[in-house]
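Input: a single structure, listed below in structure tokens.
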Amino acid sequence: MTLGILQQSLQLLKTIQQTSFRDQLRWHITQEKLQETLSNNEIVTCDENRLVYLDKKTNKKIAIKKYGNINNFTLLLTRDDGKGYVPIITNLRKIGIEKIRNLVIITTENKAGQLSEMFLINDD
């Protein structure tokens, strides 16, 4: 009986490790994609709920914004006029967006209470 419990525990541990690795990998890919997006574009406005930038290729305003309600937020990439959106990160408890000079900081907290910060540089 003890060996059966131990075997199940080891299988569960492998699943948890793979899930954690996948989550971390998704986080890094998301950060790289957002960094690429902001690198050569002009930031128009920024507050704790959204960041608006001018896409120099299309000459349209795009927003990265917090969407949702208490303890269930999504970070979205959307046109500034509100038409169309792409979810970036979902199922978050908190999202914060701030800009300090040419540095954009996006802080998130997931349902498990884990805090993460993205530091993005705007080269414009």
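The values are calculated or read from the model by the stated rules, or taken from the named source; none is laboratory data. Computed from a prediction, not measured in an experiment: that's the story for all the values here. Note that each Cβ is placed from the backbone with ideal geometry, even for glycine, and that neighbours are counted across all protein chains shown. Accessible surface is based on the protein model in full, side chains and every heavy atom, while ligands, DNA and RNA are left aside. Shrake-Rupley method; radii C 1.70, N 1.55, O 1.52, S 1.80 Å.
The lysines within cross-link reach of LYS66, meaning a Cα-to-Cα straight distance under 17 Å and a gap of 8 or more places when in the same chain, are LYS83, LYS94, LYS99, LYS111.
Assuming 0.36 nm per residue, please report the length gained on full extension of the stretch LYS83 to PHE119 beyond their Cα-Cα distance. All intermediate terms of the calculation are to be shown ahead of the outcome.
On the way: separation 36, 0.36 × 36 = 12.96 nm, distance 2.69 nm.
Full extension from LYS83 to PHE119 adds 10.3 nm.
A 1.4 Å probe run over the chain, with the rest of the protein chains in place, finds 71 Å² accessible per residue.
Could you compute the net charge surrounding LEU92? Neighbours are other residues with a C-beta less than 15 Å from the C-beta of LEU92; K and R count +1, D and E count -1.
Working: positive: ARG26, ARG50, LYS65, LYS66, ARG93, LYS94, LYS111; negative: ASP23, GLU48, GLU109, GLU117.
Residues near LEU92 contribute +3 overall.
Would you mind checking the tilt of helix 2-39 against the longest principal axis of the Cα atoms of the chain, expressed as 0 to 90 degrees and rounded to 10? Tilt relative to the chain: about 10 degrees. Between ASN110 and ARG26, the modelled label-to-label distance comes to 0.7 nm, taking each label 7 Å out from Cα in the direction of the beta carbon. Across region 37-60, the residues whose backbone nitrogen lies under 19 Å from the label position 7 Å along the beta-carbon direction of ASN102 are 37-46, 52-57. Computed over the chain, the per-residue total of -39500 (n - 2.57) for DSSP H runs of n ≥ 4 gives a 222 nm mean residue ellipticity of -11500 deg cm²/dmol, rounded to 500.
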